[in-house]
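Worksheet: one structure, shown below.
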Amino acid sequence: MSFLLNLFRSRTKHADITICGLDDAGKTTILKFLETGEFVETTPTMGVNRETLHLPNLQINVFDLAGQEDFRNMWHNINEKSDGIVFVIDRSNIMRFDEAKDVFEQTIHAQLDQDLIILILLNKSDESDVIEKSLFIEEFKLLDLPFKWAVFETSAKTGEGIFNAFKWFVDEFV
Amino acid sequence: MKPLSLCLINMGARGLELVKSFPDVIPTDSMSQLVYKTIPMGSNPGDFASTTFNDLNLTSYIFRIPTADQRDNLASLVAVFNTTDYDATSIKQVFSWVVTELEKKDLLATSTLEGILPKLYKGFSKGQFKIEITSTSTIKFDFPKQGNDKNGNAIDKLSDDLWD
């Protein structure tokens, strides 16, 4: 019996990922959408939410980090143990675009693991007046990143793009 | 069961922040640390927290509060004592009841809680309170007697809907 358990365990991979981004970008809402398949109203995250997603042959421990400035100094400690980072941006909030860019650069430059996988979500795609994906890639200098990355346009309200984004992300781990 | 102070904390742009304390007797440097003790890491709406900090004892109720044109915010009502001789269960019952009653009457808002904090404080001293929130809406509460039905449900003891 223990042999079978060990065999099963050996076939199930584990990955730790973190979800970062400015406050009110939609990080927890995206995580809730992944768990429930529907839009769930959330409140600001107090520090960190930890959830586990069980997928076939893959168990993902998700650390959903609070985006307020006071909490950002703890991101690095959690990110450095992560196999992948999901960075969420509210693409409709042009006013905080520069702040999001600064935080993204700080987050990425603090990473030492060259095998890190980065998923960037342009969230709130259901809103009007959003930044274009191509402009975003240029402004955030993503083509210069030394990591494997991808950008997806998502909406945690409608579910647009979320499953495709995480399918790409998960496929990188299995 | 008179607290040293009652506080209302919520999540601001940078992190947790004090909205109001009554009476305003806690030093600013202590308050900046205290706010982070009242809503522990990973806590969610509906949670209670009790902790000690320096020589202060805190009991808080964490809840969701509607915010105009934005998502609901995270907030806490906090009773601060300079003694351990208080009934934390009663504090929890009072706070959760106040929030539930205001929510039922569609009056749960930061401004409402700020406004009733002084009356709530006086109520803790008297063991009961009656607060007129608007000209047509009043809430009343009688604290359970200490040592008697400590674990009882305060809501069973409440007056019913108290619209004037």
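Computed in the context of the full set of protein chains, the accessible area of the stretch A:60-105 at 1.4 Å probe radius has 47% of its extent on carbon or sulfur. Using a 10 angstrom Cβ neighbour count of at most 14 plus a DSSP loop assignment to flag exposed trypsin sites (Lys or Arg not before Pro), which longest range of chain A is free of such sites? That would be A:1-80. Bridges between two residues of the protein assembly as shown, per DSSP, are antiparallel at a rate of about 65%. Taking trypsin sites (Lys or Arg not before Pro) in DSSP loop conformation with at most 15 other Cβ atoms inside 10 Å as exposed sites, chain B has its longest uninterrupted site-free stretch at B:15-144. Calculated mean residue ellipticity at 222 nm for the protein assembly as shown: -9000 deg cm²/dmol, from DSSP H runs with n ≥ 4 weighted as -39500 (n - 2.57), summed, divided by the residue count and rounded to 500.
Sorted into 10 angstrom bins from 0, the C-alpha pair distances of the protein assembly as shown split as 5, 23, 26, 20, 16, 8, 1, 0 percent. Pairing chain A with chain B buries about 1500 Å² of accessible area. This figure sums both sides and uses a 1.4 Å probe. For the stretch A:13-47, accessible area lost to neighbouring protein chains reaches 20 Å² or more, against the chain alone with a 1.4 Å probe, at A:24, A:41, A:42, A:43, A:44, A:46.
Based on Cα contacts under 8 Å between residues 6+ apart, chain A shows a relative contact order of 24 percent.
With 20 Å² as the minimum drop in accessible area between chain alone and full protein complex (1.4 Å probe), the qualifying residues in the stretch B:7-39 are B:11, B:13, B:14, B:36.
Of the accessible area of chain B, computed with a 1.4 Å probe over protein heavy atoms only, carbon and sulfur atoms account for 43 percent.
Within the stretch B:60-75, the residues that become at least 50 Å² less accessible when every protein chain is included than when their own chain is isolated (1.4 Å probe; DNA, RNA and ligands ignored) are B:64, B:71. Applying Stokes-Einstein at 20 °C and 1.002 mPa s to the Kirkwood radius of the stretch A:2-171, computed over alpha-carbon pairs, gives a translational diffusion coefficient of 131 µm² s⁻¹.
For the stretch A:2-171, the per residue solvent-accessible surface stands at 50 Å², with DNA, RNA and ligands left out and a 1.4 Å probe.
For chain A, the longest principal axis of the C-alpha atoms and the axis of helix A:162-171 are separated by about 50°.
Averaged per residue, chain B has 49 square angstrom of accessible surface, using a 1.4 angstrom probe with ligands and nucleic acids left out.
The values are calculated or read from the model by the stated rules, or taken from the named source; none is laboratory data. In this text the structure is predicted, and so the values were computed from the model without any measurement. Cβ coordinates were reconstructed from backbone atoms using ideal geometry, including for glycine residues, and neighbour counts include every protein chain displayed. Ligands, DNA and RNA are stripped out before the accessible areas are found, and what is left, the full protein with its side chains, is counted by its heavy atoms. Shrake-Rupley method; radii C 1.70, N 1.55, O 1.52, S 1.80 Å.
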